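> What follows is a single structure, and I will ask about it in a moment.
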Amino acid sequence: MSVRELYDGKSRPALSLEFFPPKTETGKRNLLERMVRMSALDPLFITVTWGAGGSTAEKTLELAAIAQRSLNVPVCMHLTCTNTDKTVIDEALRTCQQVGIRNILALRGDACIEDCVDQESATQDAVEFKHAVDLVKYIREQYGSYFCIGVAAYPEGHCEGEAEASEQDPLRDLPYLKQKIDAGADFVITQLFYDVGKFLKFHKLFVDHVSAEIPLIPGLMPINSFLLFNRAAKLSHASIPQYILDKIPPEVQPDDNAVKSICVDVLADIIDTIYRETNGRVKCFHFYTLNLEKAVAHIVAKSHVLHHIMKEAEEEEEEEAKTRAD
Ligand code: FAD
């Protein structure tokens, strides 16, 4: 089923989950078990990442296909287009169609650092696929309305590589985001952020200047340690507001459990604030899970907006336990 149909049909707040394909067979087995357990959180959809330049093509397609077949949750596969041989893109889209995947997150991708496929033809195709909008157009041209297409947005502005934060400007990206919507994108997932004020400003820009109908799904990354928190924020060019830093004083920073617990409250509060301040217009929250299970469940349990999900999962579990006992 398409993400857009599911989103439009959903009356209660929901979540979605991102996973990346593990490198090893053991990693894949463990992840699949975790994905089954996490489907108790009733995600609206799950996404599977794609390595820049097609570097994880085989593993992404395999994981996405297994998930689509074995979980009762629609899959959205990420697909990047720059520095990628067009045959890799064609093959990926064909495979998705064959295995029943209806959702693609169409991305430009960054210059790949390692394992890029066929550099020579990749350079030629880079001309055809310069920006994500080119991939959106291509999918629409080749597949009509078969795929529901998602695109990326950046509440604090997109930033290239090592560029300074001062070079980020969401207003500059806005016309290009609109181009992606006009080319046929059906929903938007944002880059991770921790400054809820910046997201809310961006949401207003989006509604006023891009679309009041297209779902804007905020991307959230649970925090598992202070070190990883800083690293993820830096890599994603996301700012960390002072009020969050104040909650994690230097003596607490080395204590991963304490940091996790503080940040569960921070993220639950971000979700509740977004839902309240957008009057429920934003009703799906996308988690960059890093393939980890517990932090998401803790945030869901703490958030007033998502708490019903945890309650329903527990009731279902009790029901199953009773059936087994009978
Ligand atoms: P675009 O929409 O093409 O935008 C890139 C930049 O170009 C922006 O600065 C934009 O303003 C500018 N621009 C766009 N169109 C034009 C135009 N016509 N003329 C001039 N400038 C233009 N990367 C991966 O490799 N694999 C993944 O699985 C992956 N998943 C992601 C999931 C999400 C939710 C997000 C937010 C990002 C993800 N990324 C992933 C990272 C993404 O590939 C990079 O951020 C990349 O640098 C930009 O991709 P985009 O699709 O936003 O590009």
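> Excluding residues on the same chain fewer than 8 positions from LYS10, give the aspartates and glutamates whose Cα lies under 17 Å from its Cα.
By straight Cα distance, LYS10 reaches ASP42, ASP186, GLU213, GLU312.
> Okay, next question. Hey, quick one: spin label on LYS201, modelled 7 Å out along Cα-Cβ, who in segment 142-158 has an amide N within reach, i.e. under 19 Å?
Output list for this probe position: 153-158.
> Calculate the spin-label point distance for ARG94 paired with ASP182, positioning each point 7 Å from the Cα along the beta-carbon direction, and give it in nanometres.
Here the modelled spin labels are 3.3 nm apart.
> Then there is this: With a/c under 1.5 counting as rounded, go ahead and sort the chain into rounded, prolate or oblate using the C-alpha gyration tensor (a ≥ b ≥ c being the square roots of the eigenvalues; past the cut-off, prolate if a/b is larger than b/c, else oblate).
It is rounded, given that a/c, with a ≥ b ≥ c, falls under 1.5.
> What is the calculated FRET efficiency for HIS131 to TYR243, with r their C-beta to C-beta distance and R₀ = 41 Å, to the nearest 0.05? Intermediate values should be presented prior to the final figure.
Numbers: r = 36 Å, r/R0 = 0.87.
That pair, HIS131 with TYR243, gives E of 0.70.
> Right, here's the next one. Using a Gaussian network model of the chain whose springs link C-alpha atoms within less than 10 Å, name the residue from PHE285, PHE193, PHE226 with the highest mean-square fluctuation.
Sorting by GNM fluctuation, first place goes to PHE226.
> Step through the table entries LYS180/LYS201; LYS180/LYS204; LYS23/LYS260; LYS247/LYS294; LYS59/LYS86, compare each Cα-Cα distance with 23 Å, and write down the pairs that go over it.
Details: LYS180/LYS201 20 Å; LYS180/LYS204 18 Å; LYS23/LYS260 26 Å; LYS247/LYS294 21 Å; LYS59/LYS86 18 Å.
Check vs 23 Å cut-off fails for LYS23/LYS260.
> Which of LEU235, LEU44, LEU93 moves the most in a Gaussian network model of the chain with Cα springs under 10 Å?
Maximum fluctuation in the GNM of the chain, among the listed residues, is at LEU235.
> Are there DSSP H segments in the chain that both extend 30 Å or more along their axis (alpha-carbon positions) and score a mean Kyte-Doolittle hydropathy of at least -0.5? List them, or say none.
On the way: long enough: 256-277 (31 Å, 0.38).
Sorted by number, the helices that extend far enough and score high enough are 256-277.
> I would also like to ask the following. When the chain is modelled as a GNM with alpha-carbon springs shorter than 10 Å, which of ILE223, ILE262, ILE274 fluctuates the most?
Largest GNM mean-square fluctuation: ILE262.
> Which of the three applies to segment 175-326, rounded, prolate or oblate, going by the alpha-carbon gyration tensor with a ≥ b ≥ c and a/c under 1.5 meaning rounded? Please list the in-between numbers first.
Numbers: a/c = 2.11, a/b = 1.17, b/c = 1.80.
Here segment 175-326 falls in the oblate category.
> Taking 0.36 nm per residue of separation and subtracting the Cα-Cα distance, what length does fully extending LEU171 through THR323 add? It would help to have the intermediate numbers written out before the result.
Values: separation 152, 0.36 × 152 = 54.72 nm, distance 5.49 nm.
Computed gain between LEU171 and THR323 is 49.2 nm.
> Can you tell me how segment 234-320 classifies by the Cα gyration tensor, rounded, prolate or oblate, using a/c under 1.5 as the rounded cut?
It is oblate, given that a/c is not under 1.5 and a/b is not larger than b/c.
> Next up: Per residue of the chain, what 222 nm ellipticity follows from adding -39500 (n - 2.57) for every DSSP H run with n ≥ 4, rounded to the nearest 500? Don't skip to the end; give the middle numbers.
Details: 13 runs with 164 residues, N = 326.
Value at 222 nm, helices only, nearest 500: -16000 deg cm²/dmol.
Bear in mind these aren't lab numbers, they're just calculated from the coordinates by the rules spelled out. Just so you know, these numbers come straight off a predicted model, no measurement behind them. No Cβ is skipped: glycine too gets one built from the backbone with ideal geometry, and neighbour counts run over all protein chains shown.
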